[in-house]
Every structure is written in structure tokens, then in C-alpha cells.
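For reference, the structure discussed in these notes is given below.
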Amino acid sequence: MENQAFRKIYTKLTNITKATVSLRATGVGNEEMATVNGQPAQVVKIVGDRITLQVFSGTEGIPTNAEVVFLNHPPQLKVSEDLLGRFFNPYGDPIDGGPEVEGEIRDIGSPSVNPVRRKQPSQLIATGIAGIDLNNTLVSGQKIPFFADPNQPYNQVMANVALRAKTDKIILGGMGLTNDDYLSNFGVSAEEQLPFGDVARVVGYCVRNVAT
């Protein structure tokens, strides 16, 4: 377990905007995680000893003497087979009422892979939608974004792609979802999965083992 005695703690903010706070600090790394007044945040800019952090939930209610605790590590996630079939909030915490995930702790946001060294994608994912299959062919292993207006049937398209994909695992993520969209995409009840209320501000992740 990380020794909290070595964490850097500050209590004076020099600037507060709608989404960020600034302070003077030393020994802080770029993209390092922190808490501001108990809320998760991340270092987004360093100029000398002037540090800017993005507060993920916004800065409303944060005073200039808020406690800032730097956590000495970038974003991290525990990785293991325990992820299969689970639901998580944007910070990787389980929101399905199940136990905490045990596994190897890995940093998130490592340097990009050189495209030349990547394995050439070759497994077609047929959607049955001519406009996609002919003009924007999907292949296994790539990120597939779906941008749609509220009245477009993106749920059905996503389900069609997922059902046709010949792969072991599928990861689904959503942003700006209403309660109905969240429940429809991730197949859970409001009582079980929505203790946080404002789903529109939540990114949900679901890892499913489609082999079964």
C-alpha cells in the first residue's frame, strides 16, 4: 500500500476556473493524479512551479484554501480477468455492487504505439449496413466511435456490431447518456447501477466475455 506520509499536500490555490485550479508546487509530474478538496483531479499544465489541475467534477464549491493532495502516480487501473462482466465509473471503481477488482496495477495513458510497428488489422466486422461496410469498413481491434442525434437508432447499430464481432471481448463506453440510454446499452437497473444520479456526466464501461 502506498505510504501516505510521502504525499505532497498544499492548501493555497492561486486561481480557480470552471474546470481547473492552479497553485504553486514542486516535485510534481505531468499527468499526475491528485485530489482537490477530496475530488479527483489531474495535472494538465506545469510552468515552473505553477501547477494547473483539471478537477473532473468541476470546481463549484472549492475554496481557495482547499486541500490539494498529489498522489505520486498517473492514472492507473487494476487489470485482471476480474474485469470481465463488470461495470465501472470513469475512475475504474466498480458500480455494480460487486467486490473490488484485484489485479496488476497498470498506468493509463502510456506513449502512443508507433503505427509502423502495429499489427495490420485484417478481421472484418460486418455490420450489415452498406454505408459502413463499404465506405467505412470496421475491423477487429480498432476503436469504433458512434456519433448520433437523439432520434437516430445508434443503440441498434451498436448491438448489431457487437453481435457480429468474432472476438473474445468487447468494451463499451458511453458519454452524455440519459438514464434510458445507459440502461439500454449496459443492461442494468437504475436501483443497481445509478446511485450517482446524473448519468449524463458519467462515462460507463462494460467488459463482456462474448465467447460465452
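Listed here are the strands (runs of 3 or more DSSP E) enclosed by the stretch 1-105 that have at least 1 residues being under 16 Å from the mean Cα position of the chain (by Cα): 33-36, 39-47, 50-55, 76-79. When residues in the stretch 51-104 are screened for being in contact (Cβ under 8 Å) with a residue 60 or more places away in the chain, closer than 15 Å to Pro40 by Cβ, among the aliphatic types (A, V, I, L, M) and surrounded by fewer than 17 Cβ atoms within 10 Å (Cβ to Cβ), 0 of them pass. The criterion of being touching a strand residue (DSSP E or B) at 6+ places or on another chain (Cβ under 9 Å), modelled with pLDDT under 85 and of a type in the set (Lys, Arg) holds for Arg86.
Using the structure shown, decide if Gln156 is assigned to a helix (DSSP H, G or I) and on the phi < 0 side of the Ramachandran plot. Criteria met by Gln156.
The C-beta contact set for the stretch 23-44 (first residue not assigned by TED's automatic domain parsing to the domain that holds Pro63 and crowded, with 19+ Cβ neighbours inside 10 Å, second residue at pLDDT 90 or above and among the acidic types (Asp, Glu), distance under 6 angstrom, 6+ apart or interchain) is empty.
Scanning the stretch 142-167 for residues that are under 23 Å from the mean Cα position of the chain (by Cα), at pLDDT below 70 and surrounded by fewer than 12 Cβ atoms within 10 Å (Cβ to Cβ) yields one hit, Pro150.
The values are calculated or read from the model by the stated rules, or taken from the named source; none is laboratory data. This one's a predicted model, so the numbers in the text were calculated from it and none came from an experiment. No Cβ is skipped: glycine too gets one built from the backbone with ideal geometry, and neighbour counts run over all protein chains shown.
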